[in-house]
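A quick write-up on the structure given underneath.
The values are calculated or read from the model by the stated rules, or taken from the named source; none is laboratory data. All figures in this text were calculated on a predicted structure; none of them were measured in a lab. Neighbour counts run over all protein chains shown; Cβ positions are idealised from the backbone, glycine included. Ligands, DNA and RNA are stripped out before the accessible areas are found, and what is left, the full protein with its side chains, is counted by its heavy atoms. Shrake-Rupley method; radii C 1.70, N 1.55, O 1.52, S 1.80 Å.
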Amino acid sequence: MRSCSKKIGIMGGTFNPIHYGHLMIAEDARCFCNLDEVIFIPSGNSYMKEADDILSGELRFHMVKLAISSNEYFICSDIEIKRTGNSYTYETLEELRKHYPEAELYFILGADNLFTIEKWKCSERIFKECSLIAASRGEVDFDSLKKQADSLKKNYQANVILLPERKMDISSTEIRECILNNQSVRYMMPEEVYDYIFERKLYSN
């Protein structure tokens, strides 16, 4: 990593596995906010999720690399999966800030996370380091999302950008359940990721 004046999107997540929903959000954010690049960061040891059904960081990192290989604006970082102990978003952002001291950082997250981010570890440090780009997904009402964004701006001086509404019904949980039940997940993810999962029989047991 090198220091540069850029608008950099940061797309964190378990990516267990990565799918077209993740990629669509990242591309929407890149275009809507005119980002120079988007860094995908597979999570390390998440303190907010059970680890029983989460693949190793190395496998998830490799699937992300396969998924983004055709997009010149997307890159992947393993800074969280290399970190020992729990992974905290504020630590990742502060580490990125050291590498990109002049860059504008934009943390991309789903609408559901916008309602819980205040409870994240040292959330005020997240608001300090970056702007938030929130994508409407699932059943979250856009008016409720707007109200929450206004609340974060008022209480924390957070800069929150809302992407235009787009309904996306794909989830990693659904993909894993379908694989366990021998149901098709083709076209839910890039073909390279699909082939990688089934060649190695991931999520099938």
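Only residues that are under 13 Å from Ile39 (Cα atoms) and outside any loop (DSSP other than H, G, I, E, B) were counted across the range 68-94, and they come to 6. Screening Phe40 on (1) open to solvent by less than 20 Å² (accessible area, probe 1.4 Å); (2) farther than 19 Å from Tyr196 by Cα; (3) assigned to a strand (DSSP E or B) shows it passes everything except condition (2).
The single residue among Ile179, Ile175, Ile161, Ile197 that is in contact with a strand residue (DSSP E or B) (Cβ under 7 Å, 6 or more places away or on another chain) and not in a loop (DSSP other than H, G, I, E, B) turns out to be Ile161.
For Pro164, the conditions (1) in contact (Cβ under 8 Å) with a residue 40 or more places away in the chain; (2) under 15 Å from the mean Cα position of the chain (by Cα) all hold with the exception of (2). In the range 172-205, of all residues being closer than 30 Å to Lys119 by Cβ and surrounded by fewer than 16 Cβ atoms within 10 Å (Cβ to Cβ), the one that is nearest to the chain's Cα centre (by Cα) corresponds to Thr173. Confirm whether Asn71 is open to solvent by less than 40 Å² (accessible area, probe 1.4 Å) and either modelled with pLDDT under 95 or not hydroxyl-bearing (Ser, Thr, Tyr) (or both). In short, yes. The number of residues in the range 93-122 that are surrounded by 14 or more Cβ atoms within 10 Å (Cβ to Cβ) and free of Cβ contacts under 8 Å to residues at least 24 places away in the same chain comes to 2. For the range 76-92, the tally of residues that are farther than 12 Å from Lys121 by Cβ and open to solvent by 60 Å² or more (accessible area, probe 1.4 Å) stands at 2.
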